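**Q** Take a look at the following structure, please.
The values are calculated or read from the model by the stated rules, or taken from the named source; none is laboratory data. Just so we're clear, the structure is a prediction, and the values are computed from it rather than from any experiment. A quick note on method: Cβ atoms are made from the backbone with ideal geometry, for glycine too, and the neighbour counts reach across all protein chains shown.
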Amino acid sequence: MSIEKKATLSDEALGAVMMCLQKCLLEQSDIVPMLKNLDFTTVNDELYVLNPPIVKFDAEPAEAAEGFNSEDEDLTDDA
C-alpha cells in the first residue's frame, strides 16, 4: 500500500468523531459501525465529514434550586 497524499482531520471532522463518541457513550453502543459509516471528502488537504452524526437530547426543564428566590437577591452593584 502506498500513500498518495497526506490529509489531516479538519476541526469539523474531529467534532464529528467526538459526536460519534458522545452518542455511543450515551446509548452504550459500539462506536465502530458509526465510524465506519462516516463518508469523508478532502478540501485543501483536510478531511471533512459528509454525513456527521445527529445527536438528540431529551430536553427536561431544570428544577429551581431549593430555597432560592431570584427576587431575594439584588445582583446590581450600586457602589
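**Q** Given the criterion modelled with pLDDT of 95 or more and of a type outside the set (Asp, Glu), identify the matching residue among LYS5, LYS56, LYS23, LYS36.
**A** LYS36
**Q** For the stretch 27-57: of the residues being assigned to a loop (DSSP other than H, G, I, E, B) and touching a residue at least 40 places away in the same chain (Cβ under 8 Å), which is farthest from LYS6 (Cα to Cα)?
**A** PRO52
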